[in-house]
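Structure record follows, encoded as structure tokens.
The values are calculated or read from the model by the stated rules, or taken from the named source; none is laboratory data. Please read all numbers here as calculations on a predicted model, not as lab measurements. Cβ placement follows ideal geometry from the backbone for every residue including glycine, while neighbour counts extend to all protein chains displayed. Calculation scope for accessible area: heavy atoms of the full protein, side chains included, ligands and nucleic acids excluded. Shrake-Rupley method; radii C 1.70, N 1.55, O 1.52, S 1.80 Å.
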Amino acid sequence: MPQTVSSVEASKAFGRISRQALVAPLTITHHGHDSLVLMSAAEYQRLKRRDRQVLTLADFTEEDRAAVAASRAPAEAAAFNDEIQDN
């Protein structure tokens, strides 16, 4: 179960709260609403490594481009064809 503390509690007991956040992310609430998440630097870095990268056409090899050109949508995708048809 995620751990949650109020912003008042977090400010009064930051040492204890920060030690808890080293073990598992801790949600800090403000006026009853989730406001912040305190987590270890290691967990933050792990999440940052998962960020998506934007590639340009120049980043793809000819083999990559050929594979994309040869790809076909699965038959189940035909159910969405009406969304791209010109009216």
Using only Cα atoms, locate the centre of the stretch 63-79 and the centre of the stretch 25-50, then give the distance between them in Å, rounded to an integer. 38 Å
DSSP-loop trypsin sites (Lys or Arg not before Pro) across the chain, with at most 15 other Cβ within 10 angstrom: ARG50, ARG52, ARG72
Roll a 1.4 angstrom probe over the protein heavy atoms and tell me the percent of accessible area of the chain that is carbon or sulfur. 56 percent
If I histogram all Cα-Cα distances within the stretch 42-87 using bins 5 Å wide from 0, what percent of pairs lands in each bin? 4, 14, 11, 12, 13, 19, 13, 9, 3, 1, 0
Given the chain, what percent of its DSSP beta bridges are antiparallel, to the nearest 5? 55 percent
For the chain, the Debye formula with one identical point scatterer on each Cα and no solvent gives log10 I(q)/I(0) at q = 0.15, 0.19 Å⁻¹ as -0.72, -0.90
Taking only protein heavy atoms into account and a 1.4 Å probe, give the accessible area per residue of the chain in Å². 88 Å²
